[in-house]
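Notes follow once the structure below has been shown.
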Amino acid sequence: MDIIKIIGIGLIAVIIVIILKQYRPEFTIYVSICAGIIILGLVMTRLSGIIQLLTELSNKVSDTNGFLTVLIKITGIAFLTEFAVSICKDSGESAIASKVDLGGKVIIISMSIPIISALLETIVHVLP
C-alpha cells in the first residue's frame, strides 16, 4: 500500500514543519523538499511500470512510437513543473511559482505541436 506510505510521509513532514516553524523557520523548506523527493521516488517506481507498458504497446504500433516518447516527456515535464511550483509556493515565493508554471506550460505546448500537426493532417486526409 504505497498510498499509506505517501500519506504517512506527508503527515510526518507537516508535523515536523509545524514544529520547526516555531524554532527554526528557515529549515522548513528543507523538510518540504526532502518529503517531496521521497514521495516522488515512491511514485516513480509506479510510473516506470506504466511507461514500460506504454512502450510495449507502442512497439506493436510502429507509427505512434515517436508520439509516445513525446507524450511521456510532456507528462514528466508536467509532474516536475508541478513539483517545483509546489516547492516555490511552500517557500512563500508565489511570483516565482507562477513563472515556473508558465514556463512549464509553454514548453509543453511547444513539445505538443508535432502531435497536433499530425492529428490535423490525419483529419484533413479523412475529411472529403
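The values are calculated or read from the model by the stated rules, or taken from the named source; none is laboratory data. Because the structure is a prediction, the values reported are computed rather than measured. As a convention, Cβ positions derive from the backbone with ideal geometry for all residues, glycine included, and neighbour counts pool all protein chains shown. Calculation scope for accessible area: heavy atoms of the full protein, side chains included, ligands and nucleic acids excluded. Shrake-Rupley method; radii C 1.70, N 1.55, O 1.52, S 1.80 Å.
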In the set Gly103, Gly92, Gly76, the lone residue that is on the phi > 0 side of the Ramachandran plot and either assigned to a helix (DSSP H, G or I) or over 17 Å from the mean Cα position of the chain (by Cα) (or both) is Gly92
Condition check: among the hydrophobic types (A, V, I, L, M, F, W, C) and either over 30 Å from Leu119 (Cβ atoms) or not in a helix (DSSP H, G or I) (or both). Does Ala13 satisfy that?
yes
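Could you say whether any residue in segment 62-69 is of a type in the set (Phe, Trp, Tyr), assigned to a helix (DSSP H, G or I) and open to solvent by less than 90 Å² (accessible area, probe 1.4 Å)? Working first, answer last.
First pass over segment 62-69, keeping only residues of a type in the set (Phe, Trp, Tyr): 67.
From what's left, assigned to a helix (DSSP H, G or I): 67.
Checking the rest, the ones that are also open to solvent by less than 90 Å² (accessible area, probe 1.4 Å) come to 67.
For segment 62-69, residues of a type in the set (Phe, Trp, Tyr), assigned to a helix (DSSP H, G or I) and open to solvent by less than 90 Å² (accessible area, probe 1.4 Å): present.
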When you look at Lys60, is it among the charged types (D, E, K, R), without any contact (Cβ under 8 Å) to a residue 40 or more places away in the chain and closer than 30 Å to Tyr30 by Cα, yes or no?
no
With the structure loaded, tell me whether Lys105 is of a type outside the set (Val, Ile, Thr), surrounded by 12 or more Cβ atoms within 10 Å (Cβ to Cβ), out of contact with any strand residue (DSSP E or B) (no Cβ under 6 Å at 6 or more places or on another chain) and more than 30 Å from Thr122 (Cβ to Cβ) or whether it fails that test.
no
Out of segment 1-46, which residues are of a type in the set (D, E, K, R) and either open to solvent by less than 40 Å² (accessible area, probe 1.4 Å) or touching a residue at least 24 places away in the same chain (Cβ under 8 Å) (or both)?
Asp2, Lys5, Arg46
